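Chemist: First, the structure itself, so that you have it in front of you.
The values are calculated or read from the model by the stated rules, or taken from the named source; none is laboratory data. This is a predicted model, so every value here is computed, not measured. Please note: Cβ atoms are built from the backbone with ideal geometry, for glycine as well, and neighbour counts cover all protein chains shown.
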């Protein structure tokens, strides 16, 4: 394990209370003696800044008062990392917005078939889909993931965009952008494949498969190896699971054009849960 230096402190200062304080908030750290100084370290570079801030506040006695301790007990970053810490999530949001605009433009009949799981042609009776073997099977591998960028309507892009931002930026900071990118590509692909086998040839899209993969990952990871950046309120996970179950009943389909991509939701959730369990063991 590699350690990131956070702050130097006097050798005479008793830091046992600080260590308990940081440990109670889920920060993995160590304190070493370096000559005439003590050095505070963390295992995650992304945690250096918040731990340094918390240390300063602990040293100033801010957490001594009972009422302040109660008020400040949640992690410092409970509202999530800042935008400059999650550039890849911003890119995914921008591409999702572009996908939504592609659906709404007069050129949708040209743009949308380029991004769907199966190419199609619009007929009087509806879309006529090209078989998977002639699309993805012939080398159009981008179709395994690109439906995630397509969004059909304002509610669709707003719902997925808000949850992608709330959950995705946390994972990007927690595991780094490279592993986060791999997570998005793999779970998004698995969610799209699940939707295809769930509904057969159909026009589907949206980032919700990835969103539910994030839900599954955070749910499992926080149960087994909690990370302070991933400490979302439990109600968020519960809400998303309830929404998934309601979607499976078909009730939501009565109030919208098209239907909920239940296969992508279930597939993404299962993929994220598996990733979270394996990540916890690592």
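Chemist: Does residue 264 satisfy the condition of being in the same structural domain as residue 154 (by TED's automatic domain parsing), assigned to a helix (DSSP H, G or I), in contact (Cβ under 8 Å) with a residue 60 or more places away in the chain and closer than 20 Å to residue 153 by Cα?
Modeler: Criteria met by residue 264.
Chemist: Oh, and also: Scan segment 26-48 for residues that are assigned to a loop (DSSP other than H, G, I, E, B) and loosely packed, with under 14 Cβ neighbours inside 10 Å and report the count.
Modeler: Qualifying residue count, segment 26-48: 3.
Chemist: Quick check on my filter: what residues within segment 24-42 are in contact with a strand residue (DSSP E or B) (Cβ under 6 Å, 6 or more places away or on another chain) and closer than 26 Å to residue 229 by Cβ?
Modeler: 29, 30, 31, 32, 38, 39, 40, 41, 42
Chemist: Count, please, the residues in segment 10-25 that happen to be under 14 Å from residue 54 (Cα atoms) and surrounded by fewer than 16 Cβ atoms within 10 Å (Cβ to Cβ).
Modeler: Total meeting the criteria: 5.
Chemist: Residues to consider are 106, 113; find the one that is in the same structural domain as residue 194 (by TED's automatic domain parsing), in a loop (DSSP other than H, G, I, E, B) and either at pLDDT below 90 or farther than 30 Å from residue 45 by Cα (or both).
Modeler: On the way: 113 fails: in a loop (DSSP other than H, G, I, E, B).
Just a single option satisfies the conditions, and that option is 106.
Chemist: Quick check: is even one residue across segment 158-178 buried (at least 16 other Cβ atoms within 10 Å of the Cβ) and over 19 Å from the mean Cα position of the chain (by Cα)?
Modeler: No: zero hits.
Chemist: Residue check, residue 266 against (1) surrounded by 15 or more Cβ atoms within 10 Å (Cβ to Cβ); (2) more than 30 Å from residue 113 (Cα to Cα); (3) modelled with pLDDT of 90 or more, all met but one. Which one?
Modeler: Among (1) surrounded by 15 or more Cβ atoms within 10 Å (Cβ to Cβ); (2) more than 30 Å from residue 113 (Cα to Cα); (3) modelled with pLDDT of 90 or more, the lone unmet condition for residue 266 is (2).
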